[in-house]
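Right, one structure below, let's go through it.
Every number in this text was worked out from the coordinates using simple rules, so none of it is lab data. Not measured: the values here are computed from a predicted model. Methodologically, a virtual Cβ is constructed for each residue, glycine included, from the backbone with ideal geometry; neighbour enumeration extends over all protein chains shown.
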Amino acid sequence: MKNIFYIMVFLTNLTFGQAVKLTAPEIEKYAKSIDKLRTENKLVKISYPNMSGCGGGVDGYYLNKKLILIDSRYNAELGFSSRTFYNCQDKFIKVIYREHFAEWVKYDKNYPPEKFEYDPTKMTYTDTVYSITLSNPTVFFKKADNKIITNKLDQTLIDGLLNCGEEMKVQLQEVIYQVDSLRFIKEMPFDCEDKYYVNERHPLSIGCGDELYWNVVKLNENIIELLIDQLNDTTTTESIVPLFGYYYTTADIAFTALQEIIHKIPTFDLLEIEFDKEGCGYCSYWQHLNKSYENREKFKSAVKQWYHYNKDNFIWVESNSFETCICNGQHPNGGHYELKTDKK
C-alpha cells in the first residue's frame, strides 16, 4: 500500500505542474516502487497477443488504468534481448535494455566444427546491460558482467529504444480498446439455436452472442487480469440476462468472458453465497451482485486473490466445451485453462 500511495502522490504532483525533468534519484525511487508493486501483484498485466516487430513478446503493467511499465523480450535460439520501460505521465523516464547472446565466434575458435561436435555446455554468452535514466542530464551506463564499460551517451541506441517503446504503447492500447468494446455488446451467448460455430457469423445465429464478445474471448490469457480489473464496472449494456430480468453490466460480461478462458472458477465460493438449489438456481448470483456496489468490489477482490494464488497451477486443456452457454461447434480458443488436479 505504501508503494501505491507513493506513486499516486508522485503522479499527482506531476499532473499539477512540475515542469522540470525529474532527478535521477527520483526516477530510481519511482522505478523501485513499480518493481515492488509488480512483485506484489498490485498491477494489472496486459499482454499483446502478437509478436511486436521491435520488442518481441510485450507485457504492459497498469495502475489505476495508467500504463507505468512495459516489459518485452525477444527469444532467440541461444539467447535473448529484453527491454524494460518505466513510464510516467505517458513519458518514458527509464529504460533497461539487455542483450544475452551466444558467442559463436569464440566458440568456433575454441572448438572448430570440423574437429568437435557441438556441445552447448561449453558455449559462453555475452551479457550486456544498458541502463538509461532520462533525467536532466541523461544518465547512461553500459555494463558487461556487472562492470561498467562506458557511460558515454549512445543517442542512436536511445532513440531506437524510445521509438520501440512508443510502438509497443500503441499495441497495448489496441488490446485495451478491444476489451473496452464489451460495453457495446447487445447480445450475450445463451442457446445457439442454429448450432453454427460461435466463431462464424451467420444471419440465423440467434443466441450465439455478439462477435465483439467472442473476439474478446479469443484474446485468451493475454487479458485475464484486465477482465478481473473490470469486475466492478457497473456500466449497463443493452444485453438482457435471459430468465432473470437483469441487464448485463460490463462487469458481468467480463466475468463471463473470464469463465470461457478459465473453466471451473468457483463462483459461489468467491461470492461467499450459496447456489439457490431450490429456487431459481443461478439467480442468487445476479441478486447478490446487483444488491450493492460493495458486493461487486468484494467479488472482484476475491477473484483477483484466487487467480494470483492459483495462476502457477493452471493447465491448458484442448477442448471444444463451452462454460457459459449452450453452444455447439468449435470453441474460438480450441481449449481453456483450468486448475491442475491430482488426476491431471
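A few notes on this one:
- The residues of the stretch 52-108 that are of a type in the set (Phe, Trp, Tyr) and under 21 Å from Leu134 (Cβ atoms), listed by number, are Tyr61, Tyr62, Phe85, Tyr86, Phe92, Tyr97.
- Subset tally (residues that are over 18 Å from Asn222 (Cβ atoms) and loosely packed, with under 13 Cβ neighbours inside 10 Å) for the stretch 306-316: 2
- Unmet requirement for Ala302, which otherwise passes all of (1) surrounded by 15 or more Cβ atoms within 10 Å (Cβ to Cβ); (2) more than 25 Å from Leu212 (Cα to Cα); (3) without any contact (Cβ under 8 Å) to a residue 24 or more places away in the chain: (3)
- Residues (out of contact with any helix residue (DSSP H, G or I) (no Cβ under 8 Å at 6 or more places or on another chain) and hydroxyl-bearing (Ser, Thr, Tyr)) located in the stretch 63-85: Tyr74, Ser81, Ser82, Thr84
- Matching option when the condition is out of contact with any Lys or Arg (no Cβ under 6 Å at 6 or more places or on another chain) and buried (at least 17 other Cβ atoms within 10 Å of the Cβ), among Leu243, Leu258, Leu289: Leu258
- Cβ separations smaller than 6 Å between residues 6+ apart or across chains give the following pairs from the stretch 51-69 residues that are within 16 Å of Glu166 (Cβ to Cβ) to residues that are among the hydrophobic types (A, V, I, L, M, F, W, C) and not in a strand (DSSP E or B): Ser52/Met168; Cys54/Cys164; Gly55/Cys164; Gly55/Met168; Val58/Met168; Gly60/Leu172; Ile68/Ile34; Leu69/Ile34.
- The single condition among (1) surrounded by 17 or more Cβ atoms within 10 Å (Cβ to Cβ); (2) over 20 Å from Cys192 (Cα atoms); (3) touching a residue at least 24 places away in the same chain (Cβ under 8 Å) that Ser284 does not satisfy is (3).
- Residues of the stretch 108-155 classified as surrounded by 14 or more Cβ atoms within 10 Å (Cβ to Cβ), of a type in the set (Asp, Glu) and not in a strand (DSSP E or B), total: 1
- Of the residues screened, Asp159 is not one that is within 20 Å of the chain's Cα centre (by Cα) and without any contact (Cβ under 8 Å) to a residue 24 or more places away in the chain.
- For the stretch 300-326, the set of residues classified as farther than 17 Å from His263 by Cβ and in contact with a helix residue (DSSP H, G or I) (Cβ under 6 Å, 6 or more places away or on another chain) consists of Ala302, Lys304, listed by residue number.
- Of the criteria (1) part of a loop (DSSP other than H, G, I, E, B); (2) touching a strand residue (DSSP E or B) at 6+ places or on another chain (Cβ under 6 Å), which one Ser284 fails: (1)
Here is a yes/no grid of residues against (1) hydroxyl-bearing (Ser, Thr, Tyr); (2) assigned to a strand (DSSP E or B); (3) farther than 19 Å from Met188 by Cβ:
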| residue | (1), (2), (3) |
| --- | --- |
| Leu289 | no, no, no |
| His308 | no, no, yes |
| Ile315 | no, yes, yes |
| Pro332 | no, no, no |
| His336 | no, yes, no |
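- Residues satisfying the stated conditions in the stretch 146-164, i.e. aliphatic (A, V, I, L, M) and within 17 Å of Ser135 (Cα to Cα): Leu153, Leu157, Ile158, Leu161, Leu162
- Every residue from the stretch 211-229 that is of a type outside the set (Val, Ile, Thr), part of a helix (DSSP H, G or I) and closer than 17 Å to Pro189 by Cβ: Glu211, Leu212, Tyr213, Trp214, Asn215, Asn220, Leu227
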